[in-house]
Amino acid sequence: MLASINPLGERSRNRTWRATFAWYLAGSTLGGALMGALMGALGSAVDAVLAPSSLAVAVTALALGIVGLVFELHPWGLALPTVRRQVDEDWLGRYRAWVYAGGFGFQLGLGVVTVVTTATVYVTWAFAVLTGSVAGGLVIGLTFGIVRALPILVVAHADTPGDLRSALRRFAGWAPAARTLSMVASGIVPVLALALVWSAS
């Protein structure tokens, strides 16, 4: 996506990168919000039937975080279940900016309709279910959608081919740190949730 929607590419299509990014951000935010709300609605239905205690929800969150962490470590060649599709880059030359940028963003905001490279995506939607409410899931989804769109800002000032190559190399260099942060989040967030519930009980 960084190599597809960037100032150079948008200029070649007689479009402005800022406007295209705005559509991309809007699409990703909408996709995340929709997915989060759906997961929250599912959680609300489950909550109405099972009525789990706060402690049970926190323990489940901890278990899911551990499962996510295990998948991030890839023991015994364990791989994430995922689809094998990407966004269709043919859209870039076929449609207007609001269609391809908004469409790409929406798909990525949903999180699971393109290749999933980190268990954090699944853990995020599981946490949205655990909120047991549409509103809670919506907040998680909105946050996910916005954050999912932000990496594209790495190429915001790539005005020459050299700038773009440098930005892409810099972004690739952040991958190990991003993976570590993902693993830390998978472990710490549910532990904090469990600690809060335990202290309040």
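Tabulated data
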quantity	calculated
Cross-chain or 6+ apart pairs with Cβ under 8 Å, region 88-104 first and more than 22 Å from Leu34 (Cβ to Cβ), then among the small types (Gly, Ala, Ser) and surrounded by 13 or more Cβ atoms within 10 Å (Cβ to Cβ)	Glu89/Ser4; Leu92/Ser4; Leu92/Gly9
Every residue from region 114-130 that is assigned to a helix (DSSP H, G or I) and over 11 Å from the mean Cα position of the chain (by Cα)	Ala126, Phe127, Ala128, Val129, Leu130
Positions within region 134-188 being among the aromatic types (Phe, Trp, Tyr) and in contact (Cβ under 8 Å) with a residue 60 or more places away in the chain, in sequence order	Phe144, Phe171
Odd one out for Thr118 among (1) closer than 30 Å to Ser12 by Cα; (2) surrounded by fewer than 22 Cβ atoms within 10 Å (Cβ to Cβ); (3) touching a residue at least 60 places away in the same chain (Cβ under 8 Å); (4) in contact with a Ser or Thr (Cβ under 6 Å, 6 or more places away or on another chain)	(1)
Region 131-142: number of residues that are over 14 Å from Ala61 (Cβ atoms) and outside any helix (DSSP H, G or I)	1
Positions within region 168-177 being modelled with pLDDT of 75 or more, assigned to a helix (DSSP H, G or I) and under 21 Å from the mean Cα position of the chain (by Cα), in sequence order	Leu168, Arg170, Ala172, Gly173, Ala175, Pro176, Ala177
Per-region count, region 40-57, residues under 25 Å from the mean Cα position of the chain (by Cα) and modelled with pLDDT under 90	1
Exclusive hit being touching a Phe, Trp or Tyr at 6+ places or on another chain (Cβ under 9 Å), aliphatic (A, V, I, L, M) and farther than 18 Å from Met183 by Cα, set Leu78, Leu92	Leu92
Matching entry among Thr20, Thr60, Thr29 (being among the polar types (S, T, N, Q), outside any loop (DSSP other than H, G, I, E, B) and modelled with pLDDT under 90)	Thr60
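Here is a yes/no grid of residues against (1) among the polar types (S, T, N, Q); (2) more than 30 Å from Leu55 (Cα to Cα); (3) at pLDDT below 80; (4) assigned to a helix (DSSP H, G or I):
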site: Phe144; (1), (2), (3), (4): no, no, no, yes
site: Leu150; (1), (2), (3), (4): no, yes, no, yes
site: His157; (1), (2), (3), (4): no, yes, no, no
site: Leu164; (1), (2), (3), (4): no, yes, no, yes
site: Ser182; (1), (2), (3), (4): yes, no, yes, yes
site: Val189; (1), (2), (3), (4): no, no, yes, yes
site: Leu194; (1), (2), (3), (4): no, no, yes, yes
site: Val197; (1), (2), (3), (4): no, no, yes, yes
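Each row is one residue, and each column tells you yes or no for (1) crowded, with 22+ Cβ neighbours inside 10 Å; (2) more than 19 Å from the chain's Cα centre (by Cα); (3) part of a helix (DSSP H, G or I); (4) of a type outside the set (A, V, I, L, M).
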residue	(1), (2), (3), (4)
Arg15	no, yes, no, yes
Leu25	no, no, yes, no
Leu38	no, no, yes, no
Gly65	yes, no, yes, yes
Leu80	no, no, no, no
Arg85	no, no, no, yes
Leu92	no, yes, yes, no
Gly102	yes, no, yes, yes
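The values are calculated or read from the model by the stated rules, or taken from the named source; none is laboratory data. Bear in mind that the values here come from a model prediction, so they are computed numbers and not experimental data. Ideal geometry is used to build each Cβ from the backbone, glycine not excepted, and the neighbour counts take in all protein chains shown.
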